[in-house]
Each structure stands twice: as C-alpha cells, then as structure tokens.
Amino acid sequence: MQTFLFGLAAVTLLASCSTLPVPSPGVGQGNDREASEIIRRSASAHGDPWGRYVRVQVSYDGKWSTIATKVQPVITDPGFRKSSVEIYQPRLGRVRQTHSGPMGTKEVLRQRPQSDVKFNGVRSTDREVADAAALVADAYTVFLFGTSWLAENGRDLRLLGEQALDGKPCQLVGGRLSPGLGNSSEDYFIVWIAKESGLMKRFQFSLNGMDSTRGADVDVAFSEFWKAADGSVWPTRFIERIQRPIPVRAHDWRMTSLTLDGKSVR
C-alpha cells in the first residue's frame, strides 16, 4: 500500500475528492429481492452472455494515462498492455489474454486460483505480477459480461437508490464478491443500471487483490454499446477512473472485434 500511496501523493494536487459512493462493506450487507431482480433484468437486457456462450473472443485497443502508469506500473504494464486479444470460456471459468505493446507480448492464463504469466514467452515467477494479472483478468471478465456475471457471483445485494448518469436515471445496486477479484478474499461493488434500458452503465469496485491497491477503488463507465444479430448487447467503449485515494482518469479503451462461439460478429 505504501508504494501506491506515495505515488498518489505526487499527484494529489491535480485532482479533487471523488463524489461517487464508496464500494465498501456497508454496500454489501443486504438480501434485497428487488436488487436481485434488477440485476437479473439487466442480465436479460444484455442477452445473458455469461450463461449463453461457450467461448467469447474479444480484441481491445486503448491508452493509459501517464499518471496511471506512474501510480500503478505493475497493473497498467504499459510496455505490454496497449492492445489485447482475450478468450473467455465461462463454463470452464478460464480467461486467456494476449497483450501487446512496445516491449512485446504478455500472455496470461487465468483459471482460479491459478494465474500463469509469460513475457515474450518467458514465464514470470514474480508474485506481484501474478496478483496483478489475476486482478486484471477477473475485472475484465466483469467489464465484458457485466450483470450476467454479477447475477451468478454477486452476494448480499442491496438497492442503494437512484442517481443520474449522463442525464439518465440509473438504479444503483451494491453487493459483495467472495472470493473477490484476483487473489482477494472479498471485494465490494456498486453497479449502475440504466432504468430505461436495463444496461449496465458503470461498475465501481474495491481493489483488495494486491497489497499495493488495498483500500483503493475504481470505476469503469460504459458509454457505447453494440447489439449483435442474436440480440446480445455488448459494451464497446470503456473509461476507467481511480476514485480513491484520489480521482484520476486512468484508462480509455475500445472493443475492436468480437467472436461468439466461433462466429465473428464484429
């Protein structure tokens, strides 16, 4: 945690305090039937991709902010994590990511509780690298599959009320993940679901999967969506911000291709 906080101290004057609610133990202390129904309806609005597909392949391309790479270099890994090709096998709980950047290729195979990481074909034995890879793989699973994944894995769901996002009302549902993201035993989240469309518009979550990020939280906003011919709806534009200890825009990336059960659809 010290490395993370010391890095953030250098940029504290560049940002003001976050105004978003905090994904913390207080939000994951419920058993709210309405909250569960909202999550399930949202999963249906997206076409329930986590329960529907055997194999999903997606490609991304994006850009990290300079501040983010200085604050958390192991997670951002800008030498390798610019673009990626990622394969998800929901029924196996397996994620395979191939990241590319100016320093070469980083391969990650994640199947809980294991994470295997290779840089340019050489396996890493660094624990922090493995923790970061596990956290990224699990978090990106939620980003892609959204409320379909949360309907199966979210616990202690509670409706937290409504807030507007981009002028549109959203229902906020808080909950707990146990196990958490990456190698965390527990994490907390707040998901923002558009009241009209049922689509997941924002996902806030704690970062307890690494010593250097414990106590921090981030959010990812989903600003653009694409509907496949089979009716499934996918986020295609992602903007990630660190919220606490201080709010900093961290990562902006886009989906560049999508293959569903062997069929290229985008």
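Name the most mobile residue of 56, 248, 122, meaning the one with the largest mean-square fluctuation, in a Gaussian network model of the chain with Cα contacts below 10 Å. Of 56, 248, 122, the Gaussian network model singles out 122 as fluctuating most.
The accessible surface of the range 168-226, taken with every protein chain in place and a 1.4 Å probe, is 46 percent carbon and sulfur.
Of the chymotrypsin sites (Phe, Trp or Tyr not before Pro) found in the range 128-196, none is in coil by DSSP with at most 10 other Cβ atoms within 10 Å of its Cβ. Enter the Cα centre distance for the pair the range 163-214 and the range 58-112, rounded to the nearest angstrom. For the range 163-214 versus the range 58-112, the Cα centre distance is 20 Å.
Of the cross-linked pairs 63/106; 201/227; 82/118; 227/263; 63/195; 63/263, which ones have a Cα-Cα span greater than 20 Å in the structure shown?
Violating the 20 Å Cα-Cα cut-off are 63/195; 63/263.
At 20 °C and a viscosity of 1.002 mPa s, what translational diffusion coefficient does Stokes-Einstein give for the range 46-195, taking Rh as the Kirkwood radius over Cα pairs? Give it in µm²/s as a whole number. D, rounded to a whole number, is 129 µm²/s. The accessible surface of the range 63-131, taken with every protein chain in place and a 1.4 Å probe, is 53 percent carbon and sulfur. Just checking the listed ones, 223, 124, 59: in the Gaussian network model of the chain with Cα springs under 10 Å, the one fluctuating most is 124. For residue 257, neighbours were defined as the other residues whose beta-carbon sits under 11 Å from its Cβ, and their charges (Lys and Arg +1, Asp and Glu -1) total 0.
Tell me the label only: which of (i) 118; (ii) 132; (iii) 143 is volume of the Cα convex hull per residue in Å³ as calculated from this structure? Here volume of the Cα convex hull per residue in Å³ agrees with entry (i). Within the range 40-126, all pairs of alpha-carbon atoms sorted by distance into 10 Å bins from zero give the percentages 16, 38, 31, 14, 1. Other residues whose C-beta falls under 13 angstrom from the C-beta of residue 146 contribute a net charge of +3, scoring Lys and Arg +1 and Asp and Glu -1. Within the listed set 213, 125, 147, the Gaussian network model of the chain (springs between alpha-carbon atoms below 10 Å) gives the highest mean-square fluctuation for 125.
The values are calculated or read from the model by the stated rules, or taken from the named source; none is laboratory data. Treat the numbers as computed from the prediction; the structure is a model and nothing was measured. Backbone-built Cβ (ideal geometry, glycine too); neighbour counts: all protein chains shown. Surface accessibility is based on the protein's heavy atoms, side chains included, excluding ligands, DNA and RNA. Shrake-Rupley method; radii C 1.70, N 1.55, O 1.52, S 1.80 Å.
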